[in-house]
Amino acid sequence: QVQLVESGGGFVQTGGSLRLSCAASGRMFSTYAMAWFRQAPGKEREFVASISRSRSSTEARFTISRDNAKNTVYLQMNSLKPEDTAVYYCAARPAGYSTTNDRDYDYWGQGTQVTVSS
């Protein structure tokens, strides 16, 4: 019912920036709670940022935003560190509010790899 496709990952040096994009299907995208999570090899998936119509949540260096006209959510990542290296996933929660718990999200993209070199 909801398809998500991430893009924008790649290789970047420490201190650099990347902007990830997540294109979503569905004409009710504006009502979806959206989030970004990441997972490094051997580690648990962790919350990065989330956004709804009324609020957003970010880490200090990361900013989430959305363009409802394009059915797209973004993650602007600045001052990247090697510890940020992970697969980044976009997630959607239709007709819901944003949370930090990955279990609350029903749909997931395939992920996009971010590698930060020192």
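Listed values, structure above:
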quantity	calculated
Percent carbon-and-sulfur accessible area, the chain, ignoring ligands, DNA and RNA, probe 1.4 Å	44
Accessible surface, the chain, averaged per residue in Å² (probe 1.4 Å)	54
Once exposed loop GluC sites (Glu not before Pro) are cut out (DSSP; at most 14 other Cβ, 10 Å), longest piece of the chain	60-118
Contour minus Cα-Cα distance for A69 and R19 (0.36 nm per residue)	16.2 nm
Cα→Cβ-extended label distance, 7 Å offset, between E44 and A95, nm	3.0
Approximate shape of the stretch 1-41 as ellipsoid semi-axes (Cα gyration tensor, √5λ), whole Å, largest first	26, 11, 10
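The values are calculated or read from the model by the stated rules, or taken from the named source; none is laboratory data. Here the structure is a predicted model, which means the values were calculated and not measured. Note that we place each Cβ from the backbone using ideal geometry, even for glycine, and neighbour counts take in every protein chain shown. Surface areas here come from the heavy atoms of the whole protein model, side chains and all, with no ligands, DNA or RNA. Shrake-Rupley method; radii C 1.70, N 1.55, O 1.52, S 1.80 Å.
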